[in-house]
Structure formats: C-alpha cells, structure tokens
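Taking it in order: structure first as structure tokens, then the write-up.
The values are calculated or read from the model by the stated rules, or taken from the named source; none is laboratory data. Just so it is clear, the model here is predicted, and its values are computed rather than measured. When we count neighbours, we look across all protein chains shown, and the Cβ atoms used for this are built from the backbone with ideal geometry, even at glycine. To get the accessible areas, we keep the full protein, side chains included, count just its heavy atoms, and leave off ligands, DNA and RNA. Shrake-Rupley method; radii C 1.70, N 1.55, O 1.52, S 1.80 Å.
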Amino acid sequence: AIANIRDGNDRQWHDGTRVPVWRCPLWVPTKPNGAKRLLHLASFAASSTPVALAQARWRPNLVFTVEPTLFSAPVALLTAKLSGAKSWLHIQDLEVDAAFDMGLLPKGYLKHVALWLEHALLSRFDRITTISERMLARVEEKNYPPEKLSLFPNWADINTIHPLPDKASPFRLELDIKEDQTVALYAGNLGEKQGLELLADAARMLKDRRDIVFVIAGAGSARERLKDQTSDLPNVRWLPLQPLERLNDLLSLADIHLLPQRADAADLVMPSKLTGMLASGRPVVATVTPETQVGRIVETCGILAAPGDTTALTEAIAALAADTVKRRRLGNAARAYAERNLDRDAIMNRFSETAMTLCHLPAEKETA
C-alpha cells in the first residue's frame, strides 16, 4: 500500500521499524459537483502513479489499494504485475454505485460504461475485501468468485478511545455547556452524502429546549452552508477538525451521538465514524432503516429514525435526553459491541494472516 508524497524522507515508526511514507498531492474543489468529484479523485491517481510504479523495483509481495478511489486500481494492478506481487482491493465505499444512486452522476450510457469498467478492474484482483456484510453482499451480486471475497471491517483503537465519566470532557467547559445540558454530537466529515441538513432542521425544531445542545465538529464541503443555516440558533456550537490527541475528549463530549445517513446511500457506504462512536460508550441516533448494516448495529445500542424524517430524529434525541438510565444502558451496549467486534489488534492479526496466505508465505515470516 502506498500513501501520499511530501518528500522522500518522510518516515513513520511501526513496531520499531522506520516505514517510508510517500505523500501525493490531489486537487480539492471548492464547490464540488459530479464532474469536479471525478477530477478530484483522478488527480490523486495521476500524482500517485509514478510513486506506485517506482515501488516495483523492490518487488513487494503484495500491492494493497483502497476504494475510494477506483481510479487508483489500474496502477495498483500494473505495479503488482511488474513486481510479481499479489493484488488486493479493499472497498470502503461502493464508489460507482453510490455516484449514480445518489444522483452525483447522470444515469444511462455513462452508468453502463462505469459498471463495465468496474467489473473489468475488480475481476483482475487476487483478493477483494469490504467493511460490512451488506456491502460484501452487494459485491457478490456483481458476480465475483466467492473465494476472492472476504470481510475486513474497520477497527477502533479501543484503548485510545474509551468512555470518560459523564460530563467529564474538557470541551464542555470550552463550549460553555452547563452540567444539566445534554449534548447531541455530530463529529466527522461534513460532506454532501451524509444528509447533514437534518442536523440543522432538528436543532431548529429543538431550539426552545435549553437542556439540549447540538455540537457539530469537523470539516468538509457542507460546513459553511450548515453554519449559515444554524447561525441564528442559540443551541448549536461548532468545533473545527480536532487533532488525534483530542479525539477521545471530543467523542466523550457526547451524551448522544448523531449519525445522519441518506436513504440512497444505505449499504453503499459504511460510516467509519461509527467505530469511534461505539468505542466511546455513548448511545447513537442514526437515520437508517433496520435492515441496513448500520441499522442492525445501532438498534442494539441506540435509536433508529427514518432517513430524511426530521420529526423522528428530534423525537429520538428528546427521548434520550430525558432518560439518563436508557442512555447509560445503550452506551454500555455500544462499548461492549466495540470490545467484541472492533478491536484493532484482532482485526489486524486477521488481516496479516490473510495477507500471508494470499502471498503463500509462512505465518511467522515478516514481509514489507
């Protein structure tokens, strides 16, 4: 796997070994649309191509690439071929399906071409993994050999992200949130595919509830629009993207985590922010249906509201804000799920074993 280029001397430590990290620039549009999103993704593929191909000189055993973006798949396959390596595609988002189903790109002939290209690329990888059972089922429907497919979920660092006592986050003082106020937190990417307009609508419906405060933290293309929509609301606080060392304080600020999702994105994308929410030991309110992968998880440790239904979302928030005992019970269930299913070491050990088997290497042998 090859990450991005700042300079050739950039290295990170991993288990006592200095690992080179190449950082490649990409273009980020100020006002994204369908065409600009394609150029945004293609710019990374273009800048990373020479860096990727250069790695064939030391003949790695495995070339690992992540979708998004599928634009990087051709150079990953070429690098693997040149070096005699196995190839592995890990799907975080079903990028092609999402682009058309969410209306980011027009359907018709373009969709047929995109699906044909997707199949041509994916069929050439030695291993394909994705992060949820429902996404894996979607990939299986595309007629790929089952022996090539497996589940590789996102993990959480459950030691770094852990529950703090209620009301103990230092962010409460920094944001002037009172002891008797309940915090409904959204922390993550402020993009266009999450259905974030519901947050502004819910905050407006609950603006007279002085016991509930909305905190929105993060960065993204929808941030300024949402700030404008909530600028007159006294119950909304904003935070910028936070450094890693403050992530646990941020997630523990929540009494309730908010996870808005668009209905047309169900099971096409799996929100990576959910792992941190669960590890923090706080209940989640998600706008998804019960049959989705997110819905199956959240219904055991939170409340589901219908996608796009502001009234259902506000009712769920208000109900949890009024019930401390239920919040604690659901938060404990969230933490228990994280400990059972999201532990980083367990997931990465399975990843290592799969990589060794794929490359026909003995388990005890280490490789780059």
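What to note about this one:
- Averaged per residue, the chain has 49 square angstrom of accessible surface, using a 1.4 angstrom probe with ligands and nucleic acids left out.
- Stretchable slack from residue 126 to residue 178, in nm (0.36 nm times residue separation minus alpha-carbon distance): 13.3 nm
- Descending by average beta-carbon neighbour count within 10 Å, the peptides 255-262, 159-166, 287-294 line up as 255-262, 287-294, 159-166, the highest first.
- With contributions of -39500 (n - 2.57) from each DSSP H run of at least four residues, the per-residue ellipticity at 222 nm computed over the chain stands at -12000 deg cm²/dmol.
- Each other residue within a Cβ distance under 13 Å of residue 232 adds +1 if Lys or Arg and -1 if Asp or Glu, for a net charge of +2.
- For the chain, hydrophobic long helices are taken as DSSP H runs at least 18 Å long by C-alpha position along their axis with mean Kyte-Doolittle hydropathy of 0.0 or more; these are 34-54, 109-122.
- Environment charge of residue 68, counting only residues whose C-beta is closer than 9 Å and scoring Lys/Arg +1, Asp/Glu -1: -3
- Residues in region 154-167 carry Karplus couplings, in order, of 5, 10, 10, 7, 6, 8, 6, 9, 8, x, 9, x, 3, 6 Hz; the curve used is 6.51 cos²θ - 1.76 cosθ + 1.60 with θ = phi - 60°, and Gly or Pro positions show x.
- Rg over Rh for region 162-257 works out to 0.94, using Cα positions for both radii and the Kirkwood form for Rh.
- Separation between Cα centres of region 106-163 and region 38-90, rounded to whole Å: 17 Å
- Spatial offset of region 169-205 relative to region 252-322 amounts to 13 Å, using the alpha carbon center of each.
- Inter-label distance for residue 354 and residue 241, nm, one decimal - labels placed 7 Å from Cα along Cα-to-Cβ: 2.7 nm
- Expressed as a whole percent, the accessible surface of the chain that belongs to carbon and sulfur atoms is 55, based on a 1.4 Å probe.
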